[in-house]
Amino acid sequence: MASVETITGVKLDHVAHAVPRWQDVWHRYATDLGAEWNSGGPGPGFAPAQLRFGNDGRVEVLKPWRPDVNDFLERFLAASGPGAHHVTFKVPSLTQAIEQARSHGYEPIGINMADPEWMECFIHPKQAGGIVVQLAEQPVPWTNEPPAHFPRRRRPASGGTAPAPPAGLRWVVHVVDDLEVATRLFGGLLGGEITDEGERQGVRWRDFRWPSVLGIRLLASASDEPAGSVTDWLDGRPGRVHHLAFTLSDPGDVPGARKVSSNADPILAAGVGNDPAGDGPWIIPANENHGLMLVLTRDTPDDRPNR
């Protein structure tokens, strides 16, 4: 659904999980799901730690750092508690992306071009379907060494002592009150390709992919009469991240994961979408992962990590 105003060369880079301390979720992501350190360190008001999963999908764990310099993350945690904070899209030219965003009726905020190694702006959740959307230009990606306290041990594979294969991070599953409005952002401005869509139990899903391993699955009511589950989950918001979706070879062996019937929850049923393996899902509830639910399904040969 590209147009002359669509930003070209966009990649969905990562999803951010805000927590009081990095260590709050490191064990879950690194030890249990096999993520490796990618990059991180202190910044103005926050400290990001990007963790890379087996398919190169990334979660950026954010903690407050020097809130006296910038207290945005501390205020977010105080108001909303830990949970999903933003999704980041890399763009070839931030200047051009800002112009194109404005041509679509979006007004980027927090524009910062002071550092040529990382230039950024944001689209406010009120315009972005309930989530912060970060647009960033980074000419040269970088990595660095993990801190000494980053977990080194990995969960053993079932029946053995070797580390279990790492999980693959596949989807940010995001519930919105208006699917077409959200589609204009993720498909119209950001050029995401619709790769699948469907409906289960009164909830629609629509999948968006970019030339990257991580995609966004939007969920919304399938009719003008909102599904009760959607209304309850949104609670007056224009959108809200429901979970992160992972695939792995042994979801039932992940500590704390419990198998559930997706049919018991319309949002979960649509969030799983067309599950190729068809025997899931397993969940780690949000209250056991610092505000962000994880949904695990069994991988297929096409899903196997590339390293």
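Points to keep in mind about this one:
- Pick from the range 19-73, criterion farther than 17 Å from Leu244 by Cβ and aliphatic (A, V, I, L, M), ranking: surrounded by the fewest Cβ atoms within 10 Å (Cβ to Cβ): Val69
- Taking the range 173-202 as the range and being assigned to a strand (DSSP E or B), surrounded by fewer than 24 Cβ atoms within 10 Å (Cβ to Cβ) and among the hydrophobic types (A, V, I, L, M, F, W, C) as the test, only Ile194 passes.
- Flag if Ser212 is outside the structural domain of Leu33 (by TED's automatic domain parsing), under 15 Å from the mean Cα position of the chain (by Cα) and either on the phi > 0 side of the Ramachandran plot or not in a strand (DSSP E or B) (or both): yes
- Exactly one residue out of Glu145, Glu120 is part of a loop (DSSP other than H, G, I, E, B) and touching a strand residue (DSSP E or B) at 6+ places or on another chain (Cβ under 8 Å), and it is Glu145.
- Candidate set from the range 250-275 (those that are hydrophobic (A, V, I, L, M, F, W, C) and modelled with pLDDT of 90 or more); member that is nearest to Arg28 (Cα to Cα): Val254
Results for (1) surrounded by 12 or more Cβ atoms within 10 Å (Cβ to Cβ); (2) outside the structural domain of Lys63 (by TED's automatic domain parsing); (3) more than 30 Å from Leu294 (Cβ to Cβ), shown as yes or no for each residue.
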residue	(1), (2), (3)
Phe89	yes, no, no
Ile123	yes, no, no
Lys126	no, no, no
Gly129	yes, no, no
Val132	yes, no, no
Arg154	yes, yes, no
Gly159	no, yes, no
Ala162	no, yes, no
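The values are calculated or read from the model by the stated rules, or taken from the named source; none is laboratory data. This structure is a prediction, so every number in the text was calculated from the model and none was measured. Ideal geometry is used to build each Cβ from the backbone, glycine not excepted, and the neighbour counts take in all protein chains shown.
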